[in-house]
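Chemist: Okay, here's the structure, questions in a sec.
Throughout, read-outs are computed from the coordinates displayed, never taken from laboratory work. Just so you know, these numbers come straight off a predicted model, no measurement behind them. Don't worry about glycine lacking a Cβ; one is built from the backbone with ideal geometry, like all the others, and counts go over all protein chains shown.
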Amino acid sequence: MKILVINGPNINMLGIREPDVYGKNTFADLLALLDRVAAEENIQIEQYQSNHEGCLVDKIQEAYGRFDGIVINPAAYTHTSVAILDALKAVSIPAVEVHISDVDSREAFRQISYAGLACKKTIKGLGFDGYRQAILYLKDFLQNK
Ligand code: DQA
């Protein structure tokens with residue numbers, strides 16, 4: 001089973017960026033955590049981060065025929081990007097949306113998720129553990145489909 005984990009803009013700044021919202025753990029900590037989860041669960045994962053919308057679209061397109069599932073935190077593009085929504089719909093790979101913070105309790109502009117419309121599930125407000133839960137959800141979904 002192969003899962004692609006995609007992170008959008010500014011997620012590479014974890015640990016530095018707004019620690020009161022996103023915590024003090026770094027992006028490197030997140031990458032290491034998910035590599036550990038994948039090893040424990042016997043899943044192959046690839047991790048990708050970009051600050052550029054088109055690069056995220058390219059990566060989703062390239063996943064077609066190569067990955068069984070996608071975990072995606074589109075970050076700020078969550079709330080603006082029809083292109084990422086359309087890419088997820090185009091490849092039809094089961095996807096789970098993750099947000100580290102509880103977007104529901106934040107600004108009104110964070111209440112809309114375009115990418116989420118193409119995702120089987122959204123996990124928000126659980127910090128880094130949300131990614132682990134997304135991987136476990138996809139594993140279960142893919143094994144039982
Ligand atoms: C985020 C929430 C978004 O609103 C924000 O733009 C981010 C991170 C989260 O993980 O909580 O960059 O996706």
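Chemist: Enumerate the helices in the chain for which the Kyte-Doolittle hydropathy averages 1.0 or more and the C-alpha atoms extend at least 20 Å along the helix's axis, using complete DSSP H runs.
Modeler: Both cut-offs are met by no helix.
Chemist: Among Arg106, Arg132, which comes first, second and so on when ranked by fewest other beta-carbon atoms within 10 Å?
Modeler: Neighbour counts put them in this order, fewest first: Arg106, Arg132.
Chemist: In segment 3-92, which trypsin sites (Lys or Arg not before Pro) fall in coil by DSSP and have 14 or fewer other Cβ atoms within 10 Å?
Modeler: The qualifying sites are Arg17, Lys24, Arg66.
Chemist: Further, regarding this structure: Could you work out [θ]222 nm for the chain from helices alone, using -39500 (n - 2.57) per DSSP H run of at least four and dividing by all its residues? Round to the nearest 500 deg cm²/dmol.
Modeler: Roughly -11000 deg cm²/dmol at 222 nm, from the helical runs in the chain.
Chemist: Relative to the compact-globule scaling 2.2 N^0.38 Å, provide the ratio for the alpha-carbon radius of gyration of segment 75-145.
Modeler: Against the empirical 2.2 N^0.38 Å value, I get 1.11 for segment 75-145.
Chemist: May I pose another question? Per Stokes-Einstein, at 4 °C and 1.567 mPa s, what whole-number D in µm² s⁻¹ belongs to the chain, with the Kirkwood radius over Cα pairs as the hydrodynamic radius?
Modeler: Answer, rounded: 86 µm²/s.
Chemist: Which residue, Pro19, Pro74, Pro94, has the most motion in a Gaussian network model of the chain that connects Cα atoms within less than 10 Å?
Modeler: Pro19
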